[in-house]
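Just below is one structure, and these are the notes that go with it.
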Amino acid sequence: MPDPRQELQRLFGARQRYSNFGPALAKIIIRGFRGLDELSLSIESPITAISGLNGTGKSTVAQLATAAYKKPVTESEKYKRHIIANYFPVSKADPKPFRDDASIEYQYFTASPERLQELTVTRRRGSQWEGYKRQPERHCRYIGFTIYIPKVEQRDISIYRGQEISITNEAELPDSARLAISRILNHPYENLSSATAAHAMRSAEIGFAKKFGAKYSENNMGFGEGRVFYTVNSLETAPEQSLFVIEEPETSLHEHAQHELAKYLIEVCLRRKHQIILTTHSRSILNALPRQSRKLLYRDGSKVCVSDRTSSAEATGQLALGHARAKTVLVEDARAKVLLTELVRATKPVLLRGVTITFVGNDDVVASMTKRFRDDGLPVVGVRDGDRGENTRQGLLKLPGTQSPEQEVFGSSAVTAHLQTRYGLNWSEWSALHQDMDFHDWPNAIATELTKTEDGLWEELSAVYAAACPVEERARLVENIEA
């Protein structure tokens, strides 16, 4: 059975993307909103999960995405179009939520894989935003923190008029919704339904659930249960190819439910061809989604940047740094982490018990995150690849050598001798046959030939490299980490 994540990405391939998902958002460029001066976010999957520290602009991106489409002609009068002014009101409390020259550029996929539809919404005349007219039509739903509030907390009419309301138009949720909610919450619901609660001239929708032979309304649902009910029902009943923007769907859900919710989002996109943009701090959700779905926002000084295809570990490493008790060492990627671990192990293995080595992204991310947390007084140093210089005063170190970890390791005579002796692999001949291969792919290609796991082989060769590395060079690196 194919991996649903791979199937989702296959359906989002260039040739079939438009036929499957319609005029989906391809790119958003934000200028001058809530401190986002020039943020460009590209869409690589039907589901885009935006993570990052608080204050990096996740909600701003999500809210502006919701305003990317105009109201479909088939929608009823009750449907309200999402516009920028809904999310960025000007008031005495917030007279300048955006710059005078603020703009947002939307790019949409079209039937031609090579061509994107582009339009820009700007504030050129007085208080009016211009540029909406050429937007494609699409049904959009924004599920923020207040779009679903438990009935008890909002004092819905089903609560304060509880003895006087009438319940009409009760209809069962589709089996797909019932089964999804059951899997997410790990409850064997026998029935789920939605009805209209009315009193005088007022009415509201209310949900009902039945399990273990007992039936109860939304009035007696917890926040997590009620929000899942609302979200899943919305995804199942909205028109196909809708856009959903969801703020932190993991709210009030236990870890297993978060994982199952992410799996459901993939399944519903496969089936109903929605596009989903969500903000999250959940490692469980990030783990369950395709790598193309994951976007990490981080600040480099006053600028907000995007790390594409972030690993869940990279995102979690950044989000949890403020809670680290031991000294934290930031490196660029997983291979750099293994290599540094083996260098420390070969020099002062006890130090590994007192430091946390975390990979956070490219060299610029290492530098910016090191500065941020050192400015906050946290014990953090950054160790970049050998092709970047050092700045010990700023806590920036480098791995041995002058090249990438892959080039340094496979350029070591000790490593090539090890490959020849243990595996009969002649590095000179192998590299000549694969001279056009990107060096980042060397570990995987060699591991495949040797029928080993890539991670296992890289750790083995990193240990060989570290043992052969000049003692003085290793010692200096360890001393600077401890300093």
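The values are calculated or read from the model by the stated rules, or taken from the named source; none is laboratory data. Quick caveat: nothing in here was measured; it's all calculated off a predicted structure. As a convention, Cβ positions derive from the backbone with ideal geometry for all residues, glycine included, and neighbour counts pool all protein chains shown. These accessible areas exclude ligands, DNA and RNA; they are computed on the full protein's heavy atoms, side chains included. Shrake-Rupley method; radii C 1.70, N 1.55, O 1.52, S 1.80 Å.
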Quiz prompt | Search result, residues across the range 140-166 that are open to solvent by less than 20 Å² (accessible area, probe 1.4 Å), closer than 28 Å to Ala85 by Cβ and either out of contact with any His (no Cβ under 6 Å at 6 or more places or on another chain) or modelled with pLDDT under 75 (or both) | solution = Ile143, Gly144, Tyr148, Asp156
Exercise. Return the total of residues in the range 108-119 being open to solvent by 20 Å² or more (accessible area, probe 1.4 Å) and not in a loop (DSSP other than H, G, I, E, B).
Key: 4
Quiz item: Residues Val415, Val471, Val409: which one is surrounded by fewer than 19 Cβ atoms within 10 Å (Cβ to Cβ) and either small (Gly, Ala, Ser) or on the phi < 0 side of the Ramachandran plot (or both)?
Solution: Val471
Quiz item: Out of the range 167-181, which residues are over 16 Å from Ser234 (Cα atoms) and either among the aliphatic types (A, V, I, L, M) or free of Cβ contacts under 8 Å to residues at least 24 places away in the same chain (or both)?
Solution: Ile167
Quiz item: What about Asp387, is it outside any helix (DSSP H, G or I), within 28 Å of Gly301 (Cβ to Cβ), out of contact with any Cys (no Cβ under 6 Å at 6 or more places or on another chain) and of a type in the set (Asp, Glu)?
Solution: yes
Self-check item: Residues located in the range 211-234, provided they are assigned to a helix (DSSP H, G or I) and without any contact (Cβ under 8 Å) to a residue 40 or more places away in the chain
Solution: Asn220, Gly224
Quiz item: Can you tell me how many residues in the range 390-415 are under 28 Å from the mean Cα position of the chain (by Cα) and not in a loop (DSSP other than H, G, I, E, B)?
Solution: 3
Exercise. Filter the range 366-383 down to residues that are surrounded by fewer than 23 Cβ atoms within 10 Å (Cβ to Cβ) and under 24 Å from the mean Cα position of the chain (by Cα), then give me how many there are.
Key: 5
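Rundown of residues vs (1) touching a strand residue (DSSP E or B) at 6+ places or on another chain (Cβ under 6 Å); (2) over 30 Å from Asp375 (Cβ atoms); (3) touching a residue at least 60 places away in the same chain (Cβ under 8 Å), yes/no style:
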residue: Leu397; (1), (2), (3): yes, no, yes
residue: Val409; (1), (2), (3): no, yes, yes
residue: Ala447; (1), (2), (3): no, yes, no
residue: Ser462; (1), (2), (3): no, yes, yes
Practice problem: Just one of (1) open to solvent by 30 Å² or more (accessible area, probe 1.4 Å); (2) touching a helix residue (DSSP H, G or I) at 6+ places or on another chain (Cβ under 6 Å); (3) more than 30 Å from Ser431 (Cβ to Cβ) trips up Gly395, so point out which. | Solution: (1)
Quiz prompt | All positions within the range 73-120 that are farther than 18 Å from Phe33 by Cβ and polar (S, T, N, Q) | solution = Thr74, Ser76, Thr110, Ser112, Gln117
Self-check item: Per-region count, the range 424-445, residues open to solvent by less than 60 Å² (accessible area, probe 1.4 Å) and touching a residue at least 24 places away in the same chain (Cβ under 8 Å)
Solution: 4
Quiz item: Which residue pairs have Cβ atoms closer than 9 Å, lie 6 or more positions apart in sequence or on different chains, and pair a first residue in the range 296-307 that is under 11 Å from Asp364 (Cβ atoms) and modelled with pLDDT of 85 or more with a second residue that is of a type outside the set (Val, Ile, Thr) and open to solvent by 30 Å² or more (accessible area, probe 1.4 Å)?
Solution: Lys303/Asp37; Lys303/Glu38; Cys305/Arg299; Cys305/Asp364
Exercise. Among residues belonging to the range 43-57 that are closer than 13 Å to Cys305 by Cβ and open to solvent by 10 Å² or more (accessible area, probe 1.4 Å), point out the one that is modelled with the lowest pLDDT.
Key: Leu53
Quiz prompt | Filtered residue count, the range 235-257, keeping only those that are buried (at least 16 other Cβ atoms within 10 Å of the Cβ) and assigned to a helix (DSSP H, G or I) | solution = 3
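Can you pull out the residues in the range 120-137 that are part of a loop (DSSP other than H, G, I, E, B), at pLDDT 90 or above and of a type in the set (S, T, N, Q)?
Matches in the range 120-137: Gln135 only.
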